[in-house]
1. Does the range 3-222 come out rounded, prolate or oblate, given a ≥ b ≥ c as the square roots of the eigenvalues of its C-alpha gyration tensor, rounded meaning a/c under 1.5 and, failing that, prolate meaning a/b above b/c?
2. Please give the length that would be gained between Arg240 and His185 if that part of the chain were fully extended, namely 0.36 nm times their separation in residues minus their C-alpha to C-alpha distance (nm, one decimal).
3. I want to check the label-to-label distance for Glu307 and Thr426. Put each point 7 Å from Cα in the C-beta direction and report it in nm to one decimal.
4. Could you check the simple spin-label distance between Lys192 and Ala145, using points 7 Å along Cα→Cβ, in nm with one decimal?
5. Just to confirm, what accessible area per residue do you get for the chain at 1.4 Å probe, in whole Å²?
6. What distance in nm separates the two pseudo spin-label positions at Asp447 and Ala164, each 7 Å out from Cα along the beta-carbon direction?
7. Assuming R0 = 22 Å, can you tell me the calculated FRET efficiency for the pair Asp207 and Glu86, based on Cβ-Cβ distance, to the nearest 0.05?
8. From the helices alone, meaning DSSP H stretches of at least four residues, give me the mean residue ellipticity at 222 nm for the chain, per-run term -39500 (n - 2.57), in deg cm²/dmol to the nearest 500.
Amino acid sequence: MKVASIILAAGQGTRMRSSLPKVLHPILGRPMAWYAVDAARQAAQSQPMLVVGHGADAVRQAFGDAVHYVVQENQLGTGHAVMQAESLLRGQADAVLVTYADMPLVTAATLHRLLQAHAAQPGPITMLTVMADDPRGFGRIVRNAVGGVQAIVEEAQATLEQLAIRELNPGVYCFQADWLWDALHRIPISPKGEYYLTDLVGLAAADHLPVQAILAEDAAEMLGVNTRVHLAEATAIMRRRINQRWMLDGVTMIDPASTYIESGVTIGRDTVLWPNTYLHGSTQIGEECTIGPDTIIRDTRVGSRCEILAAVLEKAVVEDGVEIGPFGHLRKGAHLAEGVHMGNFGEVKNSYLGPGSKMGHFSYLGDATIGVDVNIGAGTITCNYDGQHKHPTEIGDHVFIGSDTMLVAPLKIGAGARTGAGAVVTKDIPPNTLVVGVPARPIRKLDEAK
Ligand code: UD1
Ligand code: CA
């Protein structure tokens, strides 16, 4: 069975009260619509078609060429939205999966179950339904005397009796393609002036065609996001889901409730996450690390066996066996090679620290390249900015920088050199040379480095 999928994302989302299109509101680091796109792609095994309209440019920017697009110029309802895809998809597939971009919790497995049911028992419509006590504005499933699905009634049009129905429409459908493209043109205009996709159910029933309803196994998947209250609820469920997945994959969380992992993050086995840890964006953490408490890591690659305590890491690379913190800050372009020790109150920006180098206390390194086994004394600062330009600092292998040294860039410090405490280094230092004072002067040649 060849399946095309359509995801409706053209609505404004008025109830969000936002200048951002609803479907771009982020959930765990990704636009809400990303989840519907991902699930549909996996289940249908084809590139989904996103129907865009409100904020179309921003939506296109967010999804790039990950999806096909069709524009719904005027948002005349969900049925009208699907109709926009007809010219592109007619004749392309046997079945059409339709979902809404504001349903981020529906999983690929659930969609897969729906498609299987459709393939097993062909009919014009196979759809999910959900039983819930809180109707949250969902359409009600109206059944006939023998239990067949007869219609979906939108809340605004429902009678008091219909409002009491607990079986709801989550908005996840699989249509027989040829039937769909014809039936869409028969949808009557609603009292609100819209063409409701949900009216297709009534049309099928009127044609005496069976509508197959599959009850959703997990009602929590069927949460639609219409307001920011729903957004917070969906985020909480997604967060638990992600945390559970990593725990089942071998990650220890001391307190999952205070651990925040975005959906693009990966974590290796036997890593332990302490409370108040936030892993954002494309962060990758290796095995056997200890992260947190109180740590924020964004778009950073961390190797294995690292210990990171109360630190903030952004767009950085940390190799195996590195220790950071408490209170360390890696900024964009920081790269700590294997076995680096970075103690408290350090900041590193756009700099490389070679294997085994140590900066224990109160230092700033910016635009610096540091060799192997270098000691950066307490209070060392690279003075990399002269008020107009940034300048580089190069420090060779086995250099010993004394406490409170100011390194006025641009600067090259040869291998095996040392600076005395409080030195203000303004000129390059040859290898194996000790400099002291303000401005620093060479006073002695040192033995060749170990
Ligand atoms: C819809 C269903 C309702 C169901 C609920 C489940 C209809 C008529 N109603 O109601 O039965 O219980 O979802 O979540 O389908 N959209 C477009 N173009 C439009 C209108 C909407 O692309 O012209 C998109 C929106 O961006 C959104 C989705 O379709 O992603 C659903 O629209 P929304 O207005 O949220 O529908 P509901 O009122 O939630
Ligand atoms: Ca909705």
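The values are calculated or read from the model by the stated rules, or taken from the named source; none is laboratory data. Values in this document were obtained by computation on a predicted structure and should not be read as measured data. Positions of Cβ are backbone-derived with ideal geometry, glycine not excepted, and every protein chain shown enters the neighbour counts. Surface accessibility is based on the protein's heavy atoms, side chains included, excluding ligands, DNA and RNA. Shrake-Rupley method; radii C 1.70, N 1.55, O 1.52, S 1.80 Å.
1. Values: a/c = 1.41, a/b = 1.26, b/c = 1.11.
Rounded shape, in that the Cα axes give a/c under 1.5.
2. Working: separation 55, 0.36 × 55 = 19.80 nm, distance 4.20 nm.
Going from the current span to full extension adds 15.6 nm.
3. Each label point lies 7 Å from its Cα, and together they span 4.2 nm.
4. Going from the Lys192 label point to the Ala145 one covers 3.3 nm.
5. Numbers: 19980 Å² over 450 residues.
Per residue, the chain has 44 Å² of solvent-accessible surface.
6. For the pair Asp447/Ala164, the computed spacing is 9.5 nm.
7. Values: r = 19 Å, r/R0 = 0.87.
With R0 = 22 Å, the Cβ-Cβ based efficiency is 0.70.
8. Details: 9 runs with 84 residues, N = 450.
Mean residue ellipticity, 222 nm, calculated: -5500 deg cm²/dmol.
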